[in-house]
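The values are calculated or read from the model by the stated rules, or taken from the named source; none is laboratory data. Small disclaimer: the values here were computed from a predicted structure and weren't measured. All Cβ positions, glycine included, derive from the backbone under ideal geometry; neighbour counts span all protein chains shown.
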Amino acid sequence: MAKNVLDLATVRNIGIMAHIDAGKTTTTERILYYTGVTHKVGEVHDGAATMDWMKEEQSRGITITSAATTTHWDDYTINIIDTPGHVDFTVEVERSLRVLDGAVAVFDAKEGVEPQSEQVWRQADRYGVPRVCFVNKMDKIGAEFQRCVDQFRERLGANAMPVQLNIGAESDFQGVIDLVRMKAYVWSAEAKLGEMYETTEIPESHVEAAREAREQFIEALADADDEIMELYLEGQEPTVEQIVPAIRRATIAGTAVPVLCGTSFKNKGVQPLLDAITAYLPSPMDVEAIEGHDPKDESEETRLSRQPSTEEPMSALIFKIMSDPHLGKLTYVRIYSGVLKTGSQVLNGVKGRKERIGKIYRMHSNKREEIAEAGAGDIVAVMGLKDTTTGDSLCDPSAPIVLESMTFPAPVIQVA
Ligand code: GDP
């Protein structure tokens, strides 16, 4: 059985948040479809996997049914944590915000900022969750990218920074220009699900507009990042190798929010969105050490912390308990430090009881994968826990800790 302790730098734990109807479900499904279809085995496309996905899509559609779903893009592992969008689930929203490191905020290109998206945005602000915005439904009548960007600034107070310029809108939505690389993605008339796009030269008709948008983008990035500001003041044009880490630093520090657009309906724009998730959103290493207290200390005044490293004693937070039709009770945990192993004994610091870890699963949208162990920064489902409830934390019995379950540490920047 695979061990499966991942390299932390290649993990992205993300949520997808939106006002109801903005397209959260469709966008999530497209991400899963896209990553499932195009997941490469070595350098070769896995034809059999593609076929499986085609059948799957036809038979039942691809939907998220678990609290966290794992997928892959390039060399990255992306754990998508289900983030309820409804106001009634505020506590659940907060709990899910607690275990993710970054989020994609999906908006309807016609409706712009809607009340629920505003509320979830404020919660994410409170928890310091770095975000990228995806302006969905660019094909819809009344869709307007720039108006949405203006609303992010005015109504959400975000330093919204478009990293793309749309080519057309509504039924004439033809593609996007990547302002970082100054290349275009132009969709084929009948884009197929999962189709990969190569970038092309910017169409002649959009060269001037792209140049202007690029200037504004660099100015916004200079405002958000000192290194780019220095280059800007020296009159130097930053390179792609300087821009990408600068966007990442600004996103993690919360000084800028990259904005992209597309339509999840036809899968147009999902590929650049996936690239933005891996390039700009933080890995578990980019967030501060998790804090907690000694379970024996009822005043909770002792401060303990655990670094996001497999070298540290194990600590993990339970964020959801679900009943799986095949497996029964499944406990979803975010591991903050150390390694969680099948068969090991752990301490539930809140309940003051020891429990044994049963089977550990990585939940994919079309299959579950049993793994022997999982490491810091990861999100997995565990069987066999009897006396645990949501919000409890698990730890190595020789290094007891109760993790804080409701405060989110401010992200720190650790970009090479
Ligand atoms: P959720 O409530 O945010 O999960 O939204 P859904 O993903 O269920 O989408 C709501 C509705 O919008 C559904 O009828 C979708 O088919 C439709 N929809 C989703 N994405 C797009 C898009 O890019 N363009 C258009 N025109 N409709 C979309």
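Looking at Glu234, Glu212, Glu208, Glu204 in this structure, which one is of a type in the set (Asp, Glu), closer than 16 Å to Phe145 by Cβ and out of contact with any helix residue (DSSP H, G or I) (no Cβ under 9 Å at 6 or more places or on another chain)?
Sole residue among the options that is of a type in the set (Asp, Glu), closer than 16 Å to Phe145 by Cβ and out of contact with any helix residue (DSSP H, G or I) (no Cβ under 9 Å at 6 or more places or on another chain): Glu212.
Could you identify the single residue in Gly352, Gly358, Gly384 that is modelled with pLDDT of 95 or more and surrounded by fewer than 22 Cβ atoms within 10 Å (Cβ to Cβ)? Exactly one of Gly352, Gly358, Gly384 is modelled with pLDDT of 95 or more and surrounded by fewer than 22 Cβ atoms within 10 Å (Cβ to Cβ), namely Gly358. Look through the range 141-157, keep the residues that are without any contact (Cβ under 8 Å) to a residue 40 or more places away in the chain and within 16 Å of the ligand (Cβ to nearest atom), and return whichever of them is surrounded by the most Cβ atoms within 10 Å (Cβ to Cβ). My answer is Ala143. Just so you know, in the range 361-375 the residues that are modelled with pLDDT under 95 and in a loop (DSSP other than H, G, I, E, B) include one that is farthest from Tyr34 (Cα to Cα), and it is Lys367.
To keep it simple, each residue is scored yes or no on (1) under 21 Å from Pro308 (Cα atoms); (2) touching a Lys or Arg at 6+ places or on another chain (Cβ under 8 Å); (3) at pLDDT 85 or above.
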{"residue": "Ile81", "(1), (2), (3)": "yes, no, yes"}
{"residue": "Gly102", "(1), (2), (3)": "yes, yes, yes"}
{"residue": "Glu114", "(1), (2), (3)": "no, no, yes"}
{"residue": "Gln119", "(1), (2), (3)": "no, no, no"}
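Looking at Arg131, Arg126, just one residue is more than 27 Å from Lys266 (Cβ to Cβ) and among the basic types (Lys, Arg), and that residue is Arg126. Taken over the range 17-36, the criterion of being near the ligand (Cβ under 6 Å from one of its atoms) and of a type in the set (S, T, N, Q) is satisfied by Thr25, Thr26.
Only one residue in Thr251, Thr199, Thr255, Thr239 is crowded, with 19+ Cβ neighbours inside 10 Å and either away from the ligand (no atom under 16 Å from the Cβ) or within 21 Å of Asp150 (Cα to Cα) (or both). Which one?
Criteria check complete, one pass: Thr251.
State whether one or more residues within the range 193-209 are within 26 Å of Leu281 (Cβ to Cβ), at pLDDT 95 or above and not β-branched (Val, Ile, Thr). There is no residue in the range 193-209 that is within 26 Å of Leu281 (Cβ to Cβ), at pLDDT 95 or above and not β-branched (Val, Ile, Thr). Taken over the range 339-349, the criterion of being surrounded by fewer than 22 Cβ atoms within 10 Å (Cβ to Cβ) and under 19 Å from Asn13 (Cα atoms) is satisfied by Val339 alone.
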